[in-house]
Each structure stands twice: as structure tokens, then as C-alpha cells.
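Beneath this line is the structure, given in C-alpha cells, with notes to follow.
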Ligand code: CP3
């Protein structure tokens, strides 16, 4: 029977706090220390050791079995010993719709599948809005995995907890799976905006409670993945995305305060939300770090976020499919290119940087090419100037 740890003192002391320093804005890119690095989806199918676990166990069995979730979370930390500065708990954003009573399957070659997606506002009313969710009971397997992983990490690197942005989950719950256009979810929002907002509010409340539980279990930073933030109009973004992204840190902060637990740093990754207004807004809603996809130049992102937040990203994941020469060239561009992170820092532009890809690493990547990328980033960051 799982219980939250009585005190965080029972965990091994953290020996590498580069991520937390950068995410708290304590450490701007100052060219005297290496920025922290991790890889979105770093525990995944590109690793043969992950494939080996998946051959024996279904995707959600891995998520629901703390020993297995812990094991695959540690795999990239072991393989890239000394080259990664963070771990992220192995789970999925879709465990939240499951906790809300929806069935979700993971189909090989297809991806997530909801046999019974939300049909219409009346359906959402009875299945989602009128339903009380026992977040702790439904998701304590994630908490157990987090607590176990904090021990397994032996303080090597911090552990990140996560959830989805409400709009992204709404999309899956309405479409029943991934979609190119997300038109069912969009049609719903256009046709029944008040109902959509009520559902988004409910998802945000459940997600906030889930994030708080992850902190109680031992998560040291929280990231919100709003992967579908690119599919609405600017007005739609302001109506159905931004308010619910803003609600998460607000609810998490106040709930943790009432428990006398310090709020860890939070990161928002709203993929595709890269207009000046959107970057500016994301930097002012309670997150300490804004994640960037690869379509935005670091200099431009800094211009619109100021030094209010650290930035995370944003190497194109496809670069890792382009071979070593391309990796070297693109890492060079990310750091010391005319609009690169280190060029900006050299010019005195303030703000922290957490190195990452602009989206998750893909299954076709050779793990040795991923290692080469990590090494090249370190090499470029060790330089104090362009050459
Ligand atoms: O290492 C980590 O980053 C932690 C694990 C993690 C997974 N999913 C594991 C996973 C995280 C952070 C996620 C988040 C997630 N899940 C997102 C948001 C981030 C993003 O990448 O956009 C989304 C949209 C999902 C939903 C989801 N889960 C999809 C669309 C898929 C299918 C992907 C595919 O390419 O088939 C998944 C499955 C999934 N989640 C896998 C992994 C490692 C692969 C499935 C498998 O092992 O069979």
C-alpha cells in the first residue's frame, strides 16, 4: 500500500542541481557553467533496452508497474551517464483521462485509442462534469513510481513530473485518438464554447491535483505538455488554451502552500505557440521556464519573453536523423549561430537556458547519434565565444 513519503529528507541528496538552478532563474546563461541538458521522451523506443521491456509488457502495464516505470526512467540516465542533467518519470499524459473514467488503449503502429470518446456536451456533462474523480486512488501508481525513482536515481539528477495542457487532453478525449486537424474538438469548442470551457476547467482541476500529488511523491520540477497549442486561432488560443495553462500553476501553488510544501519550478511547453503575443503571454502566467519548439529562433524567443523566464529547447528532433555532420552543424547553430542561445548570452541578453529538443525524440534515432548531440552541446557550451 503506497503512502507519500513523510519527509523529502528520506531521499538521497541531489548532487546535480543544474536544472533546478536554471529553472529558478538563478543561473542565467553566463558562459561560466554548462547549461543543463535533457531530452523530451528520453525514455522511449529509440533505446533497445526500452524495446526489450516493451516486448514483455504492454505500454500501460509499464506505466502502472512502479518497478518497470522506474526501470525505463533510469535507462537513459544509465546509458548517458554524466551527459544528462534530468530524468522525467515514465508515464503518459493520457493517464489523466483514464483517471477520469475513460478507457484508453495504446495500439501498436496507431498510437492512443479511446474506444468511447466524448460524443457531445450532454455526454461530457454526465461522464466528465458530473463525476467526482479520486485522483489519489486512480493515480497513486504514478506517485509510487516517482517515489521509487527518486531512490533509484541516487541523487544523480532531479526528477521531472508532468501532465498535459487541458486543450491537448480535450482533443484526445473528443477525437478518440490523434488527429491531423483536431476538427471534432475545434467544432465542439466553436459550437458549445461554454461546455468546452467547463470541460477544460475540470481537466485543469484534476491535472493540478495530480501535479500536487507528484510533488508530494518526490517530483522536483513540473512540466506541462500542450502539444496541440498550434491548432486554434489566436483568439481560440486566448480563449481555450491560455486561461487553462494559467490555471495550473495557480492551483498547484495555492494547494502546495496550504500543505506547507515549496512549489517546484514549472515549465510550459505549448508547441506551436510561437507568435510574439503567445510567447509573451506564456512568460507571464506563473511558469519559470517556457519550452520552445524548433520553429522559433532563440533570439526571437528571448525578445518576446525578456528575462522573465528560462527558455528550454529547441533543436529540431529530425536533426538526430541527419547524421553526425548535420548534428554538429545544427548544434553549432543553436548555440553560436547568429541568433543562437550563446551568441545572445555573449551579447549580454539575460535569461536561463535548458538545452533540449524542440519536441520528443523519435523512434528511428540511433542512440549513438543522440549521445553525439549531447557531447557536441557540451563542447560548444564550454567555449566562451564563437570561435
Ligand atoms: O521520456 C519521457 O519523456 C517520458 C515519457 C512520456 C511519454 N509520453 C511516453 C510514451 C511523455 C512525457 C509523454 C507525453 C505525451 N504523450 C505527449 C506530450 C508530449 C509530446 O510528445 O507531444 C503526448 C501527445 C502523448 C500521447 C501519446 N502517447 C502519443 C501520441 C503516443 C504515440 C506516439 C507514437 O509515436 O506512437 C504515446 C505513446 C508513448 N508515450 C510512447 C512513449 C515512450 C510510445 C509507445 C510505445 O512504447 O509503444
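Laboratory data are not the source of any read-out in this text; all were calculated from the coordinates shown. Predicted model only: the values in this text are computed from it and were never measured. Backbone-built Cβ (ideal geometry, glycine too); neighbour counts: all protein chains shown.
By the beta-carbon count within 10 Å of each Cβ, the least crowded to most crowded order of 339, 366, 9, fewest first, is 9, 366, 339.
Give the distance, in whole Å, between the Cα centre of segment 253-301 and the Cα centre of segment 355-379. A separation of 23 Å, based on Cα centres. Normalising the average separation of contacting C-alpha pairs (under 8 angstrom, six or more residues apart) by the number of residues puts the relative contact order of segment 271-387 at 29 percent. Computed from Cα positions, the angle between helix 242-258 and the longest principal axis of the chain comes to roughly 90 degrees.
Here the average projected area of the convex hull drawn through the C-alpha atoms of segment 8-382 stands at 17.0 nm². Subtracting the Cα-Cα distance of residue 61 and residue 299 from 0.36 nm times their residue separation leaves 81.4 nm of extension gain. When 359, 113 are sorted by how many other C-beta atoms sit within 10 angstrom of their C-beta, beginning with the fewest, the order is 113, 359.
Built from the Cα atoms of segment 141-292, the convex hull projects on average onto 9.4 nm², one quarter of its surface area.
Mean sequence separation of contacting Cα pairs (under 8 Å, at least six apart), scaled by the length of segment 130-226, corresponds to a relative contact order of 50 percent. The angle separating the long axis of helix 193-217 from the principal Cα axis of greatest extent in the chain is about 60 degrees.
Take the Cα of residue 6, step 7 Å toward its Cβ, do the same at residue 52, and the gap between the two points is 3.8 nm.
Taking 0.36 nm per residue of separation and subtracting the current Cα-Cα distance, fully stretching the chain between residue 378 and residue 329 would add 16.3 nm.
DSSP bridge analysis restricted to the chain gives an antiparallel fraction near 15%, rounded to the nearest 5. As a length-normalised measure over Cα pairs under 8 Å and 6 or more apart, the relative contact order of the chain settles at 21 percent. The angle between the Cα long axis of helix 367-382 and the longest principal axis of the Cα atoms of the chain comes to about 50 degrees, rounded to the nearest 10. When 114, 60 are sorted by how many other C-beta atoms sit within 10 angstrom of their C-beta, beginning with the fewest, the order is 60, 114. For residue 116 and residue 280, the difference between the fully extended length at 0.36 nm per residue and the C-alpha to C-alpha distance is 55.3 nm.
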